[in-house]
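What follows is a set of notes on a single structure, which appears directly below.
The values are calculated or read from the model by the stated rules, or taken from the named source; none is laboratory data. This one's a predicted model, so the numbers in the text were calculated from it and none came from an experiment. As a convention, Cβ positions derive from the backbone with ideal geometry for all residues, glycine included, and neighbour counts pool all protein chains shown. For the accessible areas, the whole protein counts, side chains as well, though only heavy atoms, and no ligand, DNA or RNA atoms are used. Shrake-Rupley method; radii C 1.70, N 1.55, O 1.52, S 1.80 Å.
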Amino acid sequence: MGESKEYMTLPEDNGSINISEEVIAVIAVGAVRDVEGVSGMMTNLGGSVTDLVTKKNAQKGTKGVKIDMTGTALVLDVYLTVKFGTPIPEVAENAQKAVISAVEAMTGCSVGAVNV
(Lines give C-alpha, C1' and ligand atoms only; values in the text may rest on other atoms or scores of the structure.)
Protein backbone atom coordinates (compact mmCIF):
# COMPACT_ATOMS: atom_id res chain seq x y z
CA MET A 1 0.00 0.00 0.00
CA GLY A 2 1.03 3.63 -0.35
CA GLU A 3 2.83 2.80 -3.60
CA SER A 4 2.23 5.41 -6.30
CA LYS A 5 1.06 4.09 -9.65
CA GLU A 6 2.02 5.47 -13.03
CA TYR A 7 -0.83 6.04 -15.47
CA MET A 8 -1.10 7.12 -19.08
CA THR A 9 -4.11 9.44 -19.35
CA LEU A 10 -6.08 9.59 -22.58
CA PRO A 11 -8.53 12.50 -22.81
CA GLU A 12 -11.98 11.54 -24.12
CA ASP A 13 -15.16 13.52 -24.86
CA ASN A 14 -16.86 12.46 -21.61
CA GLY A 15 -13.83 12.44 -19.31
CA SER A 16 -10.52 10.60 -19.44
CA ILE A 17 -9.17 7.08 -19.46
CA ASN A 18 -6.25 6.12 -17.20
CA ILE A 19 -4.18 3.11 -18.23
CA SER A 20 -1.70 1.83 -15.67
CA GLU A 21 1.93 1.12 -16.41
CA GLU A 22 1.42 -2.48 -15.27
CA VAL A 23 -1.29 -3.08 -17.88
CA ILE A 24 0.94 -1.72 -20.64
CA ALA A 25 3.80 -3.94 -19.45
CA VAL A 26 1.56 -7.04 -19.51
CA ILE A 27 0.47 -6.23 -23.08
CA ALA A 28 4.10 -5.75 -24.15
CA VAL A 29 5.25 -9.02 -22.55
CA GLY A 30 2.37 -10.90 -24.19
CA ALA A 31 3.31 -9.49 -27.59
CA VAL A 32 6.99 -10.36 -27.17
CA ARG A 33 6.21 -13.95 -26.14
CA ASP A 34 4.60 -14.55 -29.54
CA VAL A 35 7.67 -13.41 -31.50
CA GLU A 36 9.56 -16.29 -33.11
CA GLY A 37 13.08 -16.59 -31.73
CA VAL A 38 12.35 -15.11 -28.30
CA SER A 39 13.21 -17.62 -25.58
CA GLY A 40 12.21 -15.52 -22.58
CA MET A 41 12.13 -12.20 -20.81
CA MET A 42 14.91 -10.88 -18.60
CA THR A 43 15.01 -8.24 -15.93
CA ASN A 44 17.05 -5.13 -16.56
CA LEU A 45 19.39 -6.47 -13.87
CA GLY A 46 20.25 -9.61 -15.84
CA GLY A 47 18.24 -12.14 -13.80
CA SER A 48 15.24 -14.01 -15.12
CA VAL A 49 11.73 -12.70 -14.49
CA THR A 50 10.82 -15.83 -12.54
CA ASP A 51 13.56 -14.99 -10.02
CA LEU A 52 11.70 -11.77 -9.17
CA VAL A 53 8.11 -13.00 -9.25
CA THR A 54 8.41 -14.44 -5.76
CA LYS A 55 9.98 -11.31 -4.28
CA LYS A 56 7.41 -9.02 -2.68
CA ASN A 57 9.36 -5.83 -3.15
CA ALA A 58 10.48 -6.23 -6.76
CA GLN A 59 11.45 -2.82 -8.10
CA LYS A 60 9.52 -1.11 -10.87
CA GLY A 61 11.00 -1.82 -14.29
CA THR A 62 12.37 -5.26 -13.34
CA LYS A 63 9.68 -7.38 -14.96
CA GLY A 64 11.21 -7.43 -18.42
CA VAL A 65 9.67 -4.14 -19.52
CA LYS A 66 10.54 -0.62 -18.40
CA ILE A 67 8.14 2.13 -19.44
CA ASP A 68 8.74 5.87 -19.71
CA MET A 69 5.45 7.79 -19.66
CA THR A 70 6.85 11.28 -19.30
CA GLY A 71 6.32 12.49 -22.86
CA THR A 72 3.40 12.44 -25.24
CA ALA A 73 4.36 8.98 -26.52
CA LEU A 74 5.40 5.89 -24.56
CA VAL A 75 8.98 4.67 -24.64
CA LEU A 76 9.39 1.00 -23.71
CA ASP A 77 12.63 -0.82 -22.89
CA VAL A 78 12.17 -4.57 -23.40
CA TYR A 79 14.67 -7.04 -21.93
CA LEU A 80 14.53 -10.40 -23.70
CA THR A 81 16.62 -13.45 -24.49
CA VAL A 82 16.96 -14.86 -27.98
CA LYS A 83 17.15 -18.55 -28.88
CA PHE A 84 20.62 -19.72 -29.85
CA GLY A 85 21.20 -19.57 -33.60
CA THR A 86 18.44 -17.05 -34.25
CA PRO A 87 19.43 -13.74 -35.93
CA ILE A 88 19.26 -11.16 -33.12
CA PRO A 89 18.54 -8.10 -35.32
CA GLU A 90 15.58 -9.87 -36.93
CA VAL A 91 14.13 -10.97 -33.58
CA ALA A 92 14.63 -7.48 -32.12
CA GLU A 93 12.89 -5.80 -35.07
CA ASN A 94 9.97 -8.26 -34.91
CA ALA A 95 9.68 -7.70 -31.14
CA GLN A 96 9.60 -3.93 -31.65
CA LYS A 97 6.86 -4.19 -34.26
CA ALA A 98 4.83 -6.61 -32.14
CA VAL A 99 5.00 -4.42 -29.03
CA ILE A 100 4.10 -1.23 -30.90
CA SER A 101 1.19 -2.90 -32.65
CA ALA A 102 -0.22 -4.56 -29.52
CA VAL A 103 0.14 -1.57 -27.19
CA GLU A 104 -1.31 0.93 -29.66
CA ALA A 105 -4.19 -1.38 -30.65
CA MET A 106 -5.17 -2.32 -27.10
CA THR A 107 -4.66 1.02 -25.32
CA GLY A 108 -4.82 3.74 -27.94
CA CYS A 109 -1.58 5.13 -26.48
CA SER A 110 1.04 6.32 -28.94
CA VAL A 111 4.34 4.40 -28.77
CA GLY A 112 7.33 6.55 -29.63
CA ALA A 113 10.02 3.87 -29.32
CA VAL A 114 10.67 0.30 -28.25
CA ASN A 115 14.26 -0.35 -27.20
CA VAL A 116 15.29 -4.01 -27.17
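Condition check ((1) modelled with pLDDT of 90 or more; (2) assigned to a strand (DSSP E or B); (3) more than 14 Å from the chain's Cα centre (by Cα)) across all residues:
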{"site": "1", "(1), (2), (3)": "no, no, yes"}
{"site": "27", "(1), (2), (3)": "yes, no, no"}
{"site": "41", "(1), (2), (3)": "no, yes, no"}
{"site": "45", "(1), (2), (3)": "no, no, yes"}
{"site": "57", "(1), (2), (3)": "no, no, yes"}
{"site": "75", "(1), (2), (3)": "yes, yes, no"}
{"site": "84", "(1), (2), (3)": "yes, no, yes"}
{"site": "106", "(1), (2), (3)": "yes, no, no"}
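List pairs: first residue in the stretch 103-116 and over 15 Å from residue 17 (Cβ atoms), second residue open to solvent by 20 Å² or more (accessible area, probe 1.4 Å) and among the acidic types (Asp, Glu) anywhere in the structure, Cβ distance under 7 angstrom, at least six positions apart or on different chains. The qualifying pairs are 111/104; 115/77. Cβ separations smaller than 7 Å between residues 6+ apart or across chains give the following pairs from the stretch 5-23 residues that are small (Gly, Ala, Ser) to residues that are open to solvent by 100 Å² or more (accessible area, probe 1.4 Å) and at pLDDT below 75: 20/5; 20/7.
Could you identify the single residue in 71, 61 that is assigned to a loop (DSSP other than H, G, I, E, B), within 16 Å of residue 6 (Cα to Cα), open to solvent by less than 20 Å² (accessible area, probe 1.4 Å) and modelled with pLDDT under 90? Break it down stepwise before answering.
Numbers: 71 fails: open to solvent by less than 20 Å² (accessible area, probe 1.4 Å).
Just a single option satisfies the conditions, and that option is 61.
Going by the conditions given, is residue 98 hydrophobic (A, V, I, L, M, F, W, C), outside any loop (DSSP other than H, G, I, E, B), open to solvent by less than 70 Å² (accessible area, probe 1.4 Å) and modelled with pLDDT of 95 or more? Before you say what the answer is, go through the steps one by one.
Details: hydrophobic (A, V, I, L, M, F, W, C): yes; outside any loop (DSSP other than H, G, I, E, B): yes; open to solvent by less than 70 Å² (accessible area, probe 1.4 Å): yes; modelled with pLDDT of 95 or more: yes.
Taking the combined requirement at face value, the residue satisfies it.
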